[in-house]
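All remarks here apply to the structure that follows.
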Amino acid sequence: MATTVVPFSRPGRPSLVGRPPSHTAYVPIEGQRLSEFITLMKPRVMLLAVFTALVGLMIAPDRLDPLLGFVAVLAIAAGAGAASVLNMWYDADIDGVMTRTSTRPIPRGAVSRAEALVFGLILAGAAVAVLALSVNVMSAALLAFAIFFYVIVYTVWLKRYTPQNIVIGGAAGALPPVIGWAAATGDIGLEPVILFLIVFLWTPPHFWALALNRRNEYALAGIPMLPVVAGRAATTRQILIYSILLVPVSLLPWILGFSGPIYGATAAICGAILVVLALQLRGSRTSNRQAASRLFAFSIFYLFVLFAALLTGSSSDRWSSTLSARAAPTAAYDDLPGLLKTNQTV
């Protein structure tokens, strides 16, 4: 099947059109300012990233002090939120054009671009500094790199210039489990690299499923998302390819012995469902909003359940190890009479 290429011209940064008429007259009610700044941090997106970071921290072989673990998760959450704030600061022009994003704080006038920039920079700096001073330098360096990659490489550069923006830029969103692991160990191992690959391969089908239903908005905003540049057929083919590639990679923690059969079964079942949904989307010859929406919604469920299963299996193994370690002194005590008899005989 030949790929339909949609001509795409890259305009300059569009003006803030499509905003609610009340933009210039917006007056925030006292007490609502905090909620506007929290909205800038994209809390729903941040929640999934922080959860994968928590899993990376929890399954690491080294145990971090609970208080330091809480500080690490809080710093990672602040770093993820800072990246989102700076993303909204730079994308304020296109956010005002797209229906999905036109009600964000900056297009509505609830927060100025200058305020968002200052807030994002302070939040990013504080998150990296806290992680470096209270946990370790490795995790802080990874967090700083993730923020830089998301804001500069993805938002400023890739998003407006290439349809592969999500593929390459997805590296930033795949780093939280690596950061969590590094917070506990101060190093990077094979396990967090595999977790990185899972999130990295998961990102394109997840986001392209959303972009399919927002193709016209991205085209209006001048963003070369794959559905805009290459068309629906090419996008659904790429979604299917990445979904298929994700299945064997998601099974690696079980294959390599990092996790148990519960995780293996969860990864196999959820991976199969994701591929089936991708096949359904690929097989629908006309624009099928429901098929794309189903895949997008399930992809969120998929990543959460996959990492939850990984955490559950790891917790079970640690609990068994703890019980064994506690049983060892008891066994030694039980053997004490025999040892005493041996000593008396000698």
Task: Farthest positive-ward along region 34-187 dipole, Cα basis, beta-carbon charges - from Ser112, Ala171, Ala80 - done: Ser112
Open item on the list: Could you tell me the calculated FRET efficiency between Leu197 and Ile300, based on Cβ-Cβ distance and R0 = 25 angstrom, to the nearest 0.05?
Closed with: 0.85
Task: Segment Ile273-Arg113, extension gain: residue separation times 0.36 nm, minus the distance between their alpha carbons - done: 53.4 nm
- [ ] Starting from the Cα of Leu256, step 7 Å along the direction of its Cβ; do the same at Leu190; then give the gap between the two resulting points in nm.
- [x] 0.5 nm
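Based on the Cβ-Cβ distance from Leu74 to Thr103, what FRET efficiency comes out when R0 is 35 Å, to the nearest 0.05? Could the numbers behind the result be given before it?
Details: r = 28 Å, r/R0 = 0.80.
The computed FRET efficiency comes out at 0.80.
Quickly rank 139-146, 272-279 as a protection proxy: mean count of other C-beta atoms within 10 Å, highest first.
On the way: 139-146: 22.8, 272-279: 18.4.
Final packing ranking: 139-146, 272-279.
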TODO: Within 10 Å, count the other beta carbons around each residue, average over each peptide in 115-122, 166-173, 76-83, 254-261, and list them highest first.
DONE: 76-83, 166-173, 115-122, 254-261
TODO: Using the charge dipole of region 142-277 (Lys, Arg: +1 at Cβ; Asp, Glu: -1 at Cβ; taken about the Cα centre), state which of Leu252, Gly271, Leu210 has its Cα farthest towards the positive end.
DONE: Leu210
Open item on the list: Please give the Cα centre distance for region 260-305 versus region 201-256, rounded to the nearest Å.
Closed with: 12 Å
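Since every read-out is calculated from the coordinates, none of them should be taken as a lab result. Just so we're clear, the structure is a prediction, and the values are computed from it rather than from any experiment. Note that we place each Cβ from the backbone using ideal geometry, even for glycine, and neighbour counts take in every protein chain shown.
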